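All of the numbers you see were taken from the coordinates with simple rules; none came from a lab. Bear in mind the structure is a predicted one, so any value in this text is a computation, not a measurement. Backbone-built Cβ (ideal geometry, glycine too); neighbour counts: all protein chains shown.
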Amino acid sequence: MTNVHDNILGLIGKTPLVKLNAVTKEIPATVYAKLESYNPGHSTKDRIAIHIIEAAERKGLLKPGSTIVETTSGNTGFSIAMVSIIKGYKCILAVSNKTKKEKIAYLKALGATVYICPANVPADDPRSYYEVAKRIASETPNSIYINQYFNELNIDAHYQTTGPEIWEQTDGKITHLIACTGTGGTLSGSAKFLKEKNPNIKVIGVDASGSILKGFHETGKINKDEIHPYQIEGMGKNLIPTALLFDKVDEFVRVNDELSAYRTREIALKEAIMGGYTTGAVTQGLIQYANSHEFSKDDVVVAIFPDHGSRYITKVYSDKWMEEQGFINNCVHNYDEVFKT
Ligand code: PMP
């Protein structure tokens, strides 16, 4: 029997690569998107949820009825909630108030308890989702705190799965890896594996305008002046996560809300791939990178598309939302014209 599984968790990983044929056509390389929306929880975070939870089980930290606590912009929570159902755990999540209502509804549909916390307070403020999650974990008996930003198993999940998959899928021909960085786990773990196979592979991180990760990579310092609110969820940070291995990243590019939003919509219209907001961000990051770096026709680029667009219907795919942001070209279908201006 093929493709038959004991439960939904058997579908995690082994996501497909799909060639981009239109959006990145100006880049002479072959560009593949790794579609992490093909995980059963529809994002890359399924990989870390199962990896971290099963490691805790092996250490005897979890037993049926235990509670799993985490901070999340949505995707990690969805994955933890999914794994918790199958394995019989309670799931408590602290999310930022930037998270759209439908994402919160998804989490609740999977039985999670959700706390909504202000996004624009410092990480050490007692109201921040980090502090709220820490407090809940310390007050709840038989609980673990996943702490994805500071958990090396986050890196390890991608070192053991995403990296090897990319290596095999490209027959070892990959020359560039590019991914958005939130915790940094996806890029760091994949990069660590791939650079062990071939140290010449270029690793590019995509940071959000309003985040300090690119600046920290370049200067080794946190520049608080770079911090400002932004709309893209799941990438960029106002603190330095240890799940981000800065030494594995060759260069960061920084993308803004507006161009990432157009790019997300363009990918849906031209490639028929409906990705989340960071799908547009990583592609925008690649196009910006290609403006100042040479590519050849033998180059093989893998861009990680972290999640599915269904979670962003009232955000980046909504003309009304685009208009509210002041993104004037919201209804334009000729994106070639948009990016020229
Ligand atoms: N895109 C989305 C939509 C995400 O939820 C995340 C995870 N926060 C990322 C990108 C970045 O992944 P990572 O945390 O592994 O850096």
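Give the shape of region 1-66 as rounded, prolate or oblate, defined through the alpha-carbon gyration tensor: a ≥ b ≥ c are the square roots of its eigenvalues, a/c under 1.5 means rounded, and otherwise the shape is prolate if a/b is larger than b/c and oblate if not. Prolate is the answer for region 1-66, as a/c is 1.5 or above and a/b outweighs b/c. For region 193-341, the dipole from Cβ point charges (+1 on Lys and Arg, -1 on Asp and Glu) about the Cα centre works out to 300 debye, to the nearest 20. As I understand it, the value is the acute angle between the Cα axis of helix 277-292 and the longest principal axis of the Cα atoms of the chain; what does it come to in degrees, rounded to 10? Approximately 40 degrees, to the nearest ten.
Amide H to amide H distances under 5 Å link S143 with T67, where only residues 5 or more positions off or on other chains count and H is placed in the peptide plane. When the inverse distances between all different Cα atoms of the chain are averaged and flipped, the Kirkwood radius reads 20.2 angstrom.
Restriction of the trypsin sites (Lys or Arg not before Pro) in region 51-111 to DSSP coil positions whose beta-carbon has at most 12 other beta-carbons within 10 angstrom yields K59.
If you run the Gaussian network model on the chain, springs between alpha carbon atoms under 10 Å, then out of T175, T140, T242 the most flexible one is T140. Keeping to pairs on different chains or 8 or more places apart, tell me how many lysine pairs in region 154-310 have Cα atoms under 17 Å apart. Eligible lysine pairs with Cα atoms under 17 Å apart amount to 17. Spatial offset of region 6-72 relative to region 233-302 amounts to 18 Å, using the alpha carbon center of each. For region 124-180, the set of trypsin sites (Lys or Arg not before Pro) satisfying both a DSSP loop assignment and a count of at most 11 other C-beta atoms within 10 Å is given as R127. Three principal axis extents describe the C-alpha atoms of region 221-300; from largest down they are 38, 30, 22 Å. Computed from phi, the 3J(HN,Hα) profile of region 248-265 under the Karplus parametrisation 6.51, -1.76, 1.60 (θ = phi - 60°) reads 8, 9, 7, 7, 10, 10, 10, 10, 9, 4, 5, 5, 5, 5, 4, 5, 4, 5 Hz, with x in place of Gly and Pro. Of H217, H293, H308, the residue with the greatest mean-square motion in the GNM of the chain, using alpha carbon springs below 10 Å, is H293.
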